[in-house]
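Since the structure comes first, as structure tokens, the remarks are kept for the end.
The values are calculated or read from the model by the stated rules, or taken from the named source; none is laboratory data. Because the structure is a prediction, the values reported are computed rather than measured. All Cβ positions, even for glycine, are placed from backbone atoms using ideal geometry, and neighbour counts span all protein chains on display. Only protein heavy atoms, including side chains, enter the accessible area calculation; ligands, DNA and RNA are left aside. Shrake-Rupley method; radii C 1.70, N 1.55, O 1.52, S 1.80 Å.
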There are 2 protein chains.
Amino acid sequence: MENQYTIQQLSQKTGLSVHTLRYYERIGLLEGVPRDEHGYRLYRESDLLWVEFLMRLRGTGMPISKMKRFSDLRSEGGSTITERREMLEAHQAHIHEQMQALRDHLRSIEDKIDHYKGMEKEKSQAVSFNVPTGK
Amino acid sequence: MENQYTIQQLSQKTGLSVHTLRYYERIGLLEGVPRDEHGYRLYRESDLLWVEFLMRLRGTGMPISKMKRFSDLRSEGGSTITERREMLEAHQAHIHEQMQALRDHLRSIEDKIDHYKGMEKEKSQAVSFNVPTGK
DNA sequence: CCTTGCTTTAGAGCGCGCTCAAAGCTGTAG
DNA sequence: CTACAGCTTTGAGCGCGCTCTAAAGCAAGG
């Protein structure tokens, strides 16, 4: 119970580099990470969960500055819950926009793939039986 | 017929800055943009279409270096169609991964929003019920 | 003619998000 | 003891994708 992780272990678990984990702590995204008797970081389960959530924010395009704002609100305690929820809802809308844009672009790219497939087919036919063009 | 655009006009149509349009040309993403008698750029309809396609690649996370590769293949002509299709198919897979990641992260973020809503509700109840003799 | 505002180029600068380096301490193996 | 590896900190460096500047030319309005 109450697992603890060295920075290496947390790095492996999260996929973030040890550099990035220290960087996140330095800029205030992680606070109060406990240390052992030599000053080495010893992350708790709750730190792992928090880092994983940060990664979800980053992975959906939230800039570090906003993650910092969110993190600061979290440190301030329960009185900031509404503001945090509003931040996440704004971000949620942003994610929906991203997904819509991806869908649009994907469709266009797939059209281009199909177009190329058509050209590849034409070309192989042209070799087989020299079709006269009727454009 | 055969519309032409100044760099300003293309900037407005695409949403890219004039700086970015010149930058794209400088690094070879756009080639053979015609000029008027004073050396001013005069983009054709085909240039607009190409820029719009470039924006779709960028908008789906393709790095400039790969866009450059694609652009170079395009300049080489019809013999590169298969390679271009393969590039787009690889990118298509990448887009699908992005969309899946977004969906996952979104779900997690929405869970958190719901969690906050629950906490907000609790809190408002506490105010309503616990303190009948209000301030 | 002069001003304003657009265009051109080459090159410098910038913001973001890491990523690495230097210098020093701790722990383990041989 | 020596080596080596991993941890600490602060500060510098880097890759990406723009974004801006400088210096000069061109065009239209007053």
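Taking the helices alone, chain B has a mean residue ellipticity at 222 nm of -22500 deg cm²/dmol, built from -39,500 (n - 2.57) per DSSP H run of at least 4 residues and averaged over all its residues. Taken across both chains, chains B and A shield about 3300 Å² of accessible surface from a 1.4 Å probe. Measuring nothing but alpha carbons in chain B and taking Rh as the Kirkwood radius, the Rg to Rh ratio lands at 1.32. Legend: calculated FRET efficiency, A:Glu89 to B:Glu89, from the Cβ-Cβ distance at R0 = 41 Å, rounded to 0.05, equals 0.70.
Calculate, for A:His38 and A:Lys68, the FRET efficiency according to 1/(1 + (r/R0)^6) with r their C-beta to C-beta distance and R0 22 Å; round to the nearest 0.05. E between A:His38 and A:Lys68, to the nearest 0.05, is 0.15. Ligands, DNA and RNA left out, the 1.4 Å accessible surface of the range A:1-67 is 48% carbon and sulfur atoms. Placing dummy labels 7 Å off each Cα toward the beta-carbon, the span from B:His96 to A:Thr82 is 4.5 nm.
Placing unit charges on the Cβ atoms only, positive for Lys and Arg and negative for Asp and Glu, gives the protein assembly as shown a dipole magnitude near 240 debye about its Cα centre.
When A:Glu86, A:Glu45, B:Glu97, B:Glu25 are compared by accessible surface with a 1.4 Å probe, the order from highest to lowest is B:Glu97, A:Glu86, A:Glu45, B:Glu25. Heavy-atom accessible area with a 1.4 Å probe sorts A:Glu31, B:Glu89, A:Glu37, largest first, into A:Glu37, A:Glu31, B:Glu89.
Annotation: B:Trp50 carries an accessible surface of approximately 10 Å², with a 1.4 Å probe and no ligand, DNA or RNA atoms counted.
A straight line joining the Cα centroids of the range B:3-73 and the range A:58-91 runs 37 Å.
Of the residues A:Leu48, A:Gln100, A:Met67, the one whose Cα sits farthest towards the positive end of the charge dipole of the range A:36-103 is A:Gln100 (charges of +1 on Lys and Arg Cβ, -1 on Asp and Glu Cβ, taken about the Cα centre).
Rounded to the nearest 10 square angstrom, B:Asp72 shows an accessible area of 50 square angstrom against a 1.4 Å probe.
By a 1.4 Å probe calculation restricted to protein chains, B:Arg84 has an accessible surface near 20 Å², given to the nearest 10. Taken about its Cα centre, the range B:1-76 carries a charge dipole of about 400 debye when Lys and Arg each add +1 at the Cβ and Asp and Glu each add -1 at the Cβ.
Solvent-accessible area per residue in the range A:1-44 equals 68 Å², computed with a 1.4 angstrom probe and all protein chains kept. When you restrict to C-alpha pairs under 8 Å that are six or more residues apart and normalise by the size of chain B, the relative contact order lands at 18 percent. Relative to the longest principal axis of the Cα atoms of chain A, helix A:64-76 runs at roughly 30 degrees.
Using a simple charge model, +1 on the beta-carbon of Lys and Arg, -1 on the beta-carbon of Asp and Glu, nothing else, what dipole does chain B show about its Cα centre, in debye to the nearest 20? Dipole of chain B, to the nearest 20 debye: 500 debye. Residues of the range A:40-71 that bury at least 50 Å² of accessible area once all protein chains are present, compared with their chain alone (1.4 Å probe, heavy atoms only, ligands and nucleic acids left out), are A:Phe53, A:Arg56.
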